[in-house]
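Student: Handing you a structure now.
The values are calculated or read from the model by the stated rules, or taken from the named source; none is laboratory data. Since we're looking at a predicted model, the values are computed, not measured. Cβ placement follows ideal geometry from the backbone for every residue including glycine, while neighbour counts extend to all protein chains displayed. Protein only, heavy atoms only, side chains kept; ligands, DNA and RNA dropped before computing areas. Shrake-Rupley method; radii C 1.70, N 1.55, O 1.52, S 1.80 Å.
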Amino acid sequence: MELASFCSLRAIFLFSCALWIMPELTLAKHAKITRHYNFNVQLQNVTRLCQTKSIVTINGRFPGPRVIAREGDRLVIKVTNNVPYNVTIHWHGVRQLRSAWADGPAYVTQCPIQTGQTFVYNFTVTGQRGTLWWHAHISWLRTTLYGPIVILPKKHVPYPFPQTFKEVPIIFGEWWKADTETVINQAMQTGLAPNLSNAYTINGFPGFLYNGTTKDTFKLKVKAGKTYLLRLINAALNNELFFGIANHTLTVVEADAVYVKPFRTNYVLITPGQTINVLLKTKSKAPNAAFVIAARPYATGPAAFDNTTATGLLEYKKSSVSNTKTKNKKLRLLRPVLPKFNDTIFAMKFNKKVRSLANARFPAKVPKTVDKHFFFTVGLGISSCPKNQACQGPNNTRVTAAVNNVSFVMPNIALLQAHFFNKSKGVYTTDFPANPPFRFNYTGTPPNNIMISSGTKAVVLPFNASVELILQDTSIIGAESHPLHLHGFNFFVVGQGNGNFDPKKDPSKFNLVDPAERNTIGVPSGGWVAVRFFADNPGNICTKVFGSCTAILKCIRVGD
């Protein structure tokens, strides 16, 4: 079965119901330890948008429980599958140094956890601190199976920004009224994009703008004159999101669990899979108003998308005296004006503001020279419909996502397992192309032949090689932004731009001093992005393309 066929691709690369105030933080004030978690995968009835349905959860919670650790801690997480679906859990952004078996992508680093079975993820958090997240990594289960990972600095090591009064995770998601496994299975049968989501959510709640959802609204209660650390996570399946709070300015201090040069902004752009930490400084006196927290999509492609807005409320706590005076007064409701859904200029400017600290304490170890060069085109095409199946694309074809004109075919044996036992023959090949099969005007008029090939192909890299990867969006069927996630690695975003990448002119503009260090980045619509990294983590790494149906998956094996 091809992974990532027929999508309206909006996202790239491999890559409880109330406010969580993090009481667990008080438990993490000691030296390196082993922390144990039990994840029971179970069905739970949840009501949203005036409709109750059964969803897949961890321990009956939606969103799922927070995993907390300090830098250097070992995590042992026992996952027991009690639902009628195969399951794996991916620890998104965790480097997994010497623990590739624990990374979680199904049929890449492990076989899925079958119904009634248990799998123990065992790994150490090395050299990382900040916000990451976990999610299901098979089919569409991650629409409800996700939660935050909070990695605190080592004991007595301060943040490189002012101390905060409280830390609050804010996780964005998408909600379908229909059963999401039915949605994706139907799309796989027709070869068309799956049905759009019905709502976006903030900490599991859609907010008051959707019909009948006044009570389904996340509320952030704050005190005047305090600084809060908001840990933002985009767990939405398809869309990059704009985020803002009415009449409040945010200060970005971290991205993908890497500290950045602080900068102030009214709005944040966050790609699916990304995490961003921001400081929120509340007003010196509690105003007689409530402030809307809002998240809406940034969408640049030609396909339809869920053009709705999730909302929450920021409310100031007041003294008992002021509460008595204003008890019967209705607070003014102030709303943010987020960027337009297709504001590519804001998106480009925001992403370029994210830069590494690049100081003695937190250096930016950017590869200055490159051993391996890759140029990947990312976009859509069409492929033949499987035998005995009727597809609804042109001439019985299906719309398919591809990298360098190759769409990934999911194996039935985990790639890392096949490599470890020296049984890779017949499971995957190592001939994934370093460049597209032919050159064309990538962001201009597409070629006449847009048929793509398929296969389970990997790239093999020497251990510790320095790698440069250029990701180029294409206009085939339609240009759109693609979020890229690299498993097991961080990378440096050394350049990005509009139009076609120019190998003669653009490299001279690369930032090799303080580029953003990330694990997920959005490839600009009708543009390109350049990243560099060291292949210093033996095992299989995967570049994943999250799409509106599923994902493109390309695997890279780093020599042992």
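Student: Of the numbered conditions (1) among the aliphatic types (A, V, I, L, M); (2) surrounded by 15 or more Cβ atoms within 10 Å (Cβ to Cβ); (3) modelled with pLDDT of 95 or more, L380 fails exactly one; give the number of that condition.
Tutor: That leaves (3) as the condition not met.
Student: Consider region 504-536. How many of its residues are among the polar types (S, T, N, Q), over 21 Å from the mean Cα position of the chain (by Cα) and over 18 Å from A364 (Cα atoms)?
Tutor: So the count comes out to 1.
Student: Got a sec? Which of K368, K372 is open to solvent by 50 Å² or more (accessible area, probe 1.4 Å) and either touching an Asp or Glu at 6+ places or on another chain (Cβ under 8 Å) or over 24 Å from L486 (Cβ atoms) (or both)?
Tutor: K372
Student: Do you know which residues across region 113-139 are more than 18 Å from the chain's Cα centre (by Cα), outside any strand (DSSP E or B) and crowded, with 21+ Cβ neighbours inside 10 Å?
Tutor: V125
Student: Same structure again: Please pick out the residue among N342, N351, N359 that is open to solvent by 40 Å² or more (accessible area, probe 1.4 Å), under 26 Å from P483 (Cβ atoms), outside any strand (DSSP E or B) and at pLDDT 90 or above.
Tutor: Selected residue: N342, the only one of N342, N351, N359 that is open to solvent by 40 Å² or more (accessible area, probe 1.4 Å), under 26 Å from P483 (Cβ atoms), outside any strand (DSSP E or B) and at pLDDT 90 or above.
Student: Can you give me the number of residues within region 206-225 that are of a type outside the set (V, I, T), surrounded by fewer than 15 Cβ atoms within 10 Å (Cβ to Cβ) and part of a loop (DSSP other than H, G, I, E, B)?
Tutor: 6
Student: Another one. Look through K215, K219, K226 and report the one residue that is more than 30 Å from I382 (Cβ to Cβ) and touching a Leu at 6+ places or on another chain (Cβ under 7 Å).
Tutor: Just a single option satisfies the conditions, and that option is K219.
Student: Sticking with this structure for a sec: Considering only residues that are assigned to a loop (DSSP other than H, G, I, E, B) and of a type in the set (F, W, Y), which ones fall in region 140-152?
Tutor: Within region 140-152, just W140 meets the criteria.
Student: Now a separate question. Can you name every residue in region 66-92 that is part of a loop (DSSP other than H, G, I, E, B) and open to solvent by 10 Å² or more (accessible area, probe 1.4 Å)?
Tutor: R66, E71, G72, N82, P84, Y85, N86
Student: Hey, does region 157-170 have a residue that's basic (K, R) and open to solvent by 40 Å² or more (accessible area, probe 1.4 Å)?
Tutor: There is at least one residue in region 157-170 that is basic (K, R) and open to solvent by 40 Å² or more (accessible area, probe 1.4 Å).
Student: Does K226 satisfy the criteria of being at pLDDT below 95, of a type in the set (K, R) and within 30 Å of S319 (Cβ to Cβ)?
Tutor: So K226 fails the test.
Student: What residue, among those in region 238-277 that are over 30 Å from W140 (Cβ atoms) and assigned to a loop (DSSP other than H, G, I, E, B), is farthest from the chain's Cα centre (by Cα)?
Tutor: Ranking the candidates gives N247 first.
Student: Going through region 232-256 one residue at a time, which ones are among the hydrophobic types (A, V, I, L, M, F, W, C), closer than 21 Å to V523 by Cβ and buried (at least 23 other Cβ atoms within 10 Å of the Cβ)?
Tutor: If the condition is that a residue be among the hydrophobic types (A, V, I, L, M, F, W, C), closer than 21 Å to V523 by Cβ and buried (at least 23 other Cβ atoms within 10 Å of the Cβ), then L232, I233, A235, A236, L237, L241, F242, F243, A255 are the ones that fit.
Student: Only one residue in D536, D560, D502 is modelled with pLDDT of 95 or more and not hydrophobic (A, V, I, L, M, F, W, C). Which one?
Tutor: D502
Student: Test of understanding: among A11, A4, A18, which residue is on the phi > 0 side of the Ramachandran plot, at pLDDT below 95 and aliphatic (A, V, I, L, M)?
Tutor: A4
Student: Among the strands (runs of 3 or more DSSP E) contained in region 415-506, which hold 1 or more residues that are open to solvent by 20 Å² or more (accessible area, probe 1.4 Å)?
Tutor: Strands (runs of 3 or more DSSP E) meeting the threshold: 453-455, 458-461, 491-498.
Student: Here is a further query. Give A286, A294 a once-over and let me know the one that is among the small types (G, A, S) and part of a strand (DSSP E or B).
Tutor: A294
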